[in-house]
Amino acid sequence: MKTSSINLAEQYGELIELLELQLEERISPDQFARLEAIIRGDSQARRLYLEYIDLHGMLYYDTAAPHVSSESVSTDAVATDAVATDAVATGAVAIETPTVIETPTVKVAPSSGTRPSRRRQSASYVPAALSCLALAAVVGLLAIQGGDHIEKPEIVERPILGTEDIAATAPDRLPNATPEGGRRHGPVQINPVGPKAPAIVQAGSNFEGRTIERVYNAWEGGPAPRATPTSTPHVGNSNSEIVAFINRRIREGWQDYEVTPSPTSDDSEWLRRAYLDIVGHIPTGEQAQAFLTSKAPDRRERLVESLLDDEDYVRNWTTIWTNLLVGRSNPREVDRPALKKYLRESFAMNRGWDDVVSEFISAQGNHKENGATNFLLAHVNDQALPATATTARLFLGQQLQCIQCHDHPFNDWKQKKFWGFHGFFSQMEVESVRTEVALVDSGAIPEGIFFERRNGLMEATDPEFNGRRFRPEDVNDQTRLRKELAELMTTGETTDVAQAFVNRIWQHFFGAAFTPVVDDMGPHAVPSHPELLDGLTRSFVQSGYDVKQLIRWVTSSEAYQLSSQFSKTNQIDDPAIGQMPLFSRVYVKSMTVEQAFDSVMVATRVGDALGSDWDAVERERQRIQRQFVMQWETEDNDEADLFDGSVPQALMMMNSPLIQTALDSSKGTYIGRVVRSNRSEAEKIEAVAMAALSRRPSAGEIAAVRQLARSGERHPNFEKGFSSSLEDLFWAYLNSNEFILIH
Amino acid sequence: MPSEEFVQLFSRTQRRIYLHILGQVGNPTDADEVLQETNVVIWSKFDRFELGTNFIAWTFQIANFEVLKFRDRRRSSRLVFSEDVIEAIAEESEESQDDLDLRRAALGECLGKLRAKDRELIQTRYAPGNKGKDVADVLGRPSNSVYQSIGRIRKTLFECINRRLSAEGVR
């Protein structure tokens, strides 16, 4: 691409400015003459002119049709992260358009280094309600523990008045603010396996000469050739057999690669993880207390059972799938409440995933009455091409979008496959009358799906999926192509629908999928554990696509019980640097913005503080979420990752007046109740630790709080000083990596 | 009657023809006009097109000719390019189709990366019939600042596309 490297601002700055005038029809004849002169003699300039006006024309021609995000949900796939980040890094900087709306509280700092990282944010904080003095004390007080792991609440300063560029100072001031969004542990950032390892991480800076495939889709040091299981694995039918099968396959990986798994996580680490993974928020202090004092040998299984029955299970998965299906920024035609209602019912009734998917693909009718229609309605723009691509990506784990225009460069997928798949959506039409929108099948089936090859020649195909082709003579007026497709997709002992779902669930719980990109499972993406993926997929199909059952298997596996901390013996097991995951530990995940917000709600009982003014809580939730969606949408299409779970972002959230209220012990808040209760000092400290971190306070933390209270620094009166120190402790806990990461 | 295949070809290539024309005339509404005239010619000559040959090349020829006719009608205007420049642009455009296609494909994604409010602004700007000035009126903001914002967003999109393409330079 000759022009790609052109630095807009420098070489052709004048041309661009003239073009801007031209595009807005503000150009004077003299300026126009100048424009002409520039492009007359310079083919490079002419090219740039064309590219620029082409962009204008595209926007004009498509009237900036609602964008269908192709977000790759790759919380764990740094491969995509690095590339995507790189791809838009400058974009992200420039996207900071300060003129439009005021109060951008967080912005992206210009990245100047070799490896642009979206984690380099600068943040400007609004004034915190709490005293700034406190921070100095707390910092001194709690900077007690050092070490390699996240298990230490590092104290982050309370926000300071005015604006401040955290990015510039971050490494010093936020010692463990996990610059990689919490995906690494502690300060150890060194490539543990020598020179060959970090190809993917480095990809952002310099991957010229690498193939895309390499960067996107390959595990570094991944499995050699055993791409597809040679025979159907023997799994067994009972739940215990299936769990044993998972354990066996995972252990084989440990042996092959000579790693020793991390020790089993302690109950509080595991409890917190299970809550966040299954119901989307941390447990309350009381729930944590109850679990930690339980001696029942099957307490973990029981907890999973009760969480699966919790109404927040339904809410959590509804949120996750709503965001996946239509994104957080709502496309025009979509009736979000109706979609959510459909999902809520599906998850509450634990409908088979095959049914749910079938319904999304074949849904007809009014978008308010049939919530399932909203998925396709969100993607019907641009001749429904996005519907094709998104359906394939979300439900089949296949990224077909690039073979829309050309054959896949790295595997044998042909353009024809895309158009054959697309053909199933050709009957679909949108009827809209005022605000009422309906998705219908008009009944007319086109004779042949035409597409243009890159050489300009046309080719034709018919609707075709997995070898089943619908030629004109195979269809009649009664044929409903989308129904046929749904049927084809969900029939068989193993299906891509099941496989894609298993991969996604696995990623959700372990922080890494079997493939580098969770929804890119095409022939080029070799899974880390092919037999396991295959076996689990078959079991899932056999269970009737039972979502809760799949979660039971996954959460009862040996691997899910492990700690997230690694040791020397399994350092190499780090998909964050592109290594093939061995699941010898549970990888640390960042909270989503929903998880973070809901967890702060649970910890602080904001609802109680407001006298159960739930509307206020809901408004605040939406306000905060909007803030993050707007600000992070620019950087990565992975909307689920907008909130990167870093401490600066969490801090921003904490600056909400609502949360400040909740942290104030003088009102009827949780912390206020703890302070005023008859409990002993130690018990009070424990209550705070339980509420925030679901664990008992360390001896060091207890001693530090006491010492601070006794010092009279916070208040000459010990009682008051102690209360105030408790508040500080609570605040410090909530701002720690330990709080904001799922580990 | 034109064959089904011809109709398909025609409808699938409209945007490319439009963009090809736009480069030469430099203004979306003028490009609309020339496209209409080009289409009239395409339809009247459908029987001269041989299926299996390059449809785009054929229509581009027609379009180029219509652009020159348009240029002739507007010769008194000081806001149209000279013939030699138009021809140079047409040639550049024909040569760049492949790359431009890739850029077009990348645009959607880049739009998705905009902040919601920026995307909203660009959508308003390009809503049917709107110009920068109208957006300023709608938003009640000084038109200069709106022009500036829109320009900045366009440049952002442009850079984003550049980056996407250089990232995928191997394609």
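The values are calculated or read from the model by the stated rules, or taken from the named source; none is laboratory data. Only a predicted model underlies this, so the values are computations on that prediction, with no experimental measurement involved. Cβ: placed from backbone, ideal geometry, glycine included. Neighbour counts: every protein chain shown. We work out accessible area using only protein heavy atoms, side chains counted, and drop any ligands, DNA or RNA first. Shrake-Rupley method; radii C 1.70, N 1.55, O 1.52, S 1.80 Å.
Some notes on this structure:
- Selection within the range A:578-600: residues that are charged (D, E, K, R) and in contact with a strand residue (DSSP E or B) (Cβ under 6 Å, 6 or more places away or on another chain). The member of this set that is farthest from residue A:563 (Cα to Cα) is A:589.
- Reported count of residues in the range A:679-699, each being of a type in the set (A, V, I, L, M, F, W, C) and surrounded by fewer than 22 Cβ atoms within 10 Å (Cβ to Cβ), is 2.
- When residue A:453 is tested against (1) in contact with an Asp or Glu (Cβ under 9 Å, 6 or more places away or on another chain); (2) closer than 21 Å to residue A:376 by Cα, exactly one condition is not met: (2).
- Consider the range A:533-552 and keep the residues that are more than 12 Å from residue A:499 (Cβ to Cβ) and polar (S, T, N, Q). The one that is least open to solvent (accessible area, probe 1.4 Å) is A:549.
- Cross-chain or 6+ apart pairs with Cβ under 7 Å, the range A:705-730 first and assigned by TED's automatic domain parsing to the domain that holds residue A:677, then open to solvent by 70 Å² or more (accessible area, probe 1.4 Å) and basic (Lys, Arg): A:718/A:710
- Of the helices (runs of 4 or more DSSP H) entirely within the range A:690-743, those holding at least 2 residues that are closer than 18 Å to residue A:677 by Cα occupy A:699-710, A:718-734.
- Filter pass, residue B:68 being facing chain A (nearest Cβ under 9 Å) and either at negative phi or more than 16 Å from the chain's Cα centre (by Cα) (or both): no
- Filter result for residue A:453 (within 14 Å of chain B (Cβ to nearest Cβ) and open to solvent by 60 Å² or more (accessible area, probe 1.4 Å)): yes
- Meets criteria (within 14 Å of another protein chain (Cβ to nearest Cβ) and either among the small types (Gly, Ala, Ser) or in contact with a Leu (Cβ under 7 Å, 6 or more places away or on another chain) (or both)) for residue A:444: yes
- From the list B:158, B:81, the one residue that fits, being under 16 Å from the mean Cα position of the chain (by Cα), of a type in the set (Phe, Trp, Tyr) and at the interface with chain A (Cβ under 9 Å from one of its Cβ atoms), is B:158.
- Odd one out for residue B:123, checked against (1) open to solvent by less than 30 Å² (accessible area, probe 1.4 Å); (2) within 8 Å of chain A (Cβ to nearest Cβ): (1)
- Count of the range A:376-386 residues, restricted to those that are surrounded by fewer than 24 Cβ atoms within 10 Å (Cβ to Cβ) and more than 18 Å from residue A:328 (Cβ to Cβ), is 5.
- Residue check, residue A:530 over 14 Å from residue A:239 (Cα atoms) and either open to solvent by less than 10 Å² (accessible area, probe 1.4 Å) or touching a Gly at 6+ places or on another chain (Cβ under 9 Å) (or both): yes
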